[in-house]
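The values are calculated or read from the model by the stated rules, or taken from the named source; none is laboratory data. Keep in mind the model is a prediction, meaning the values are calculated, not measured. For neighbour counting, all protein chains shown are included, and Cβ atoms are generated from backbone atoms with ideal geometry for every residue, glycine included. For the accessible areas, the whole protein counts, side chains as well, though only heavy atoms, and no ligand, DNA or RNA atoms are used. Shrake-Rupley method; radii C 1.70, N 1.55, O 1.52, S 1.80 Å.
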Amino acid sequence: MDNRPIGFLDSGVGGLTVVRELMRQLPHEQVVYIGDSARAPYGPRPAEQIKTYTWELVNFLRKQDVKMIVLACNTATAVVWEDIKSQLDIPVIGVIMPGASAAIKATRTGKIGIIGTPMTVQSDIYREKITSLAPQSQVESLACPAFVPIVESNQMNSPLAKKAVYETLAPLVGQVDTLILGCTHYPLLRPIIQNVMGQEVALVDSGAESVRDISVLLNYFGINRDPRQPAQGHRFYTTGGADSFAHIAGNWLPDVPFTVNHIDLVASLDEVTV
Ligand code: I24
Ligand code: DGL
């Protein structure tokens with residue numbers, strides 16, 4: 001047993017789609033989350049910047065004494081997961097391997113699509129991981145830069161969203177039997193994406209798949225939280241405004257106790273010895 005919290009990081013609020021899954025699949029675990037809303041989105045940024053920012057988030061979480069770190073952001077995972085994993089002595093989970101292996105399980109034709117931010121697609125990491133496990137697969141990847149702004153402006157159910165999804169995904173329709181939602185925000189567009197791709201196409205939510213892997217690792221290392229311990233509130237930190245973060249989290253997460261605090265990352269890191 002290990003009653004310490006699990007640390008989550010994301011470029012902003014999108015990682016809450018992974019946290020919601022955690023609360024559903026592993027409700028006795030405690031969450032400490034850091035979202036870099038002040039510098040979001042990461043998707044259009046250069047790799048070096050994403051690397052620096054993500055390491056700052058990792059170092060913040062280490063200071064919170066977490067038992068495991070989850071990179072709840074596809075873009076950050078694409079750029080620095082291997083690096084972080086190799087340098088920490090606690091388990092570090094990214095959202096890409098779990099999505100890649102779920103897609104390999106789901107596909108019947110071997111034709112797999114992957115959609116994500118410009119950086120995730122440019123990194124080509126999903127293709128690399130998929131073909132390393134299943135070399136005969138054909139991977140079609142597509143950047144969807146319009147999707148994050150649509151969700152963040154609360155227009156995921158609008159005619160504009162339908163039009164953008166229809167137009168953006170056109171090159172993939174009929175080409176794949178499985179599509180990986182390789183971005184935290186895309187589960188919010190899932191019904192539209194399913195409609196455009198066709199009901200027979202399997203959609204893989206990489207965040208939800210990652211929580212299955214978290215569960216396996218907690219069991220393997222024997223570090224589940226003792227369910228008889230009194231529940232601790234979840235703690236959320238944001239480099240942006242605490243009120244707007246709390247508003248989205250309150251709407252999105254199940255009705256569980258949590259706190260939200262603004263954090264100045266650079267100031268807080270002065271105290272860390274890495
Ligand atoms: N969804 C996301 N980001 C936002 C948003 C949203 N505004 C409305 N909705 N804003 O991401 C990003 C910029 N903010 C962040 C907070 O600090 C200030 C700046 C997707 C979130 C996925 C959990 C739509 C919305 C909502 C509630 C729940 C879910 C949701 F308002 F998509
Ligand atoms: N969280 C990011 C991802 O999953 C999407 C938002 C961003 O670009 O920062 O790729």
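For segment 171-228, which trypsin sites (Lys or Arg not before Pro) pass both filters: DSSP loop (anything but H, G, I, E, B) and at most 10 other C-beta atoms within 10 Å? Intermediate values should be presented prior to the final figure.
Details: sites: 212, 225, 228; in loops: 225, 228.
Answer in residue order: 228.
Remark: relative contact order (segment 133-240) = 23 percent; criterion is Cα-Cα distance under 8 angstrom and separation of 6 or more residues.
Rounded, prolate or oblate, given the Cα gyration tensor of segment 74-170, with a/c below 1.5 counting as rounded? Here segment 74-170 falls in the oblate category. Do any GluC sites (Glu not before Pro) in segment 124-220 lie in a DSSP loop with no more than 16 other beta carbon atoms within 10 Å, and if so, which? Passing sites in segment 124-220 are 200. In sequence order, segment 255-266 has phi-based couplings of 7, 10, x, 8, 10, 10, 10, 6, 9, 8, 4, 5 Hz under the Karplus curve 6.51 cos²θ - 1.76 cosθ + 1.60, θ = phi - 60°, and Gly or Pro positions carry x. The residues of segment 46-188 present an accessible area of 42 Å² per residue when probed at 1.4 Å with all protein chains retained.
Counting each DSSP H run of 4 or more residues in the chain as -39500 (n - 2.57), what helix-only mean residue ellipticity at 222 nm follows after dividing by all residues, to the nearest 500 deg cm²/dmol? Walk me through the intermediate numbers first.
Values: 12 runs with 124 residues, N = 274.
Computed ellipticity for the chain at 222 nm equals -13500 deg cm²/dmol.
For residue 70, nonlocal amide neighbours, meaning residues 5 or more places apart or on other chains whose placed amide H falls under 5 Å from its own, are 7, 8, 9, 93. A cut-off of 5 Å between modelled amide H atoms, ignoring neighbours fewer than 5 places along the same chain, links residue 237 with 33, 34, 35, 261.
Separation of segment 190-213 from segment 101-171 is 10 Å, based on Cα centroids.
Neighbours of residue 76 by Cβ distance under 14 Å: Lys/Arg scored +1, Asp/Glu scored -1, total -2.
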